[in-house]
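The values are calculated or read from the model by the stated rules, or taken from the named source; none is laboratory data. All values reported here derive from a predicted model rather than from experimental measurement. Every residue, glycine as well, gets a Cβ built from its backbone with ideal geometry; the counts of neighbours run over all protein chains shown.
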């Protein structure tokens, strides 16, 4: 760090767009995926349908009320 002004060498350190190596490859919002099993649940009426691999629950519509499903 020249002159003690926290600038450091060019192209290194915070603000260079390289990230800190955290949260990479972990799915939505930094979490790991929930796997192939589980259920899709309607937040409005509580209907439950089995989760289908490769189809996110939020893309499914509830068979009873038509709302978007969520993963449980």
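Every test in (1) surrounded by 10 or more Cβ atoms within 10 Å (Cβ to Cβ); (2) modelled with pLDDT of 65 or more; (3) under 17 Å from the mean Cα position of the chain (by Cα) is passed by residue 64 save one, and that test is (3).
Residues that are at positive phi, at pLDDT below 65, outside any helix (DSSP H, G or I) and surrounded by 10 or more Cβ atoms within 10 Å (Cβ to Cβ) are absent from region 30-42.
Close contacts from region 43-72, counting a first residue that is on the phi < 0 side of the Ramachandran plot and part of a loop (DSSP other than H, G, I, E, B) and a second that is at pLDDT below 95 and loosely packed, with under 11 Cβ neighbours inside 10 Å, with Cβ to Cβ under 6 Å and a gap of 6+ residues or different chains, come to 53/36.
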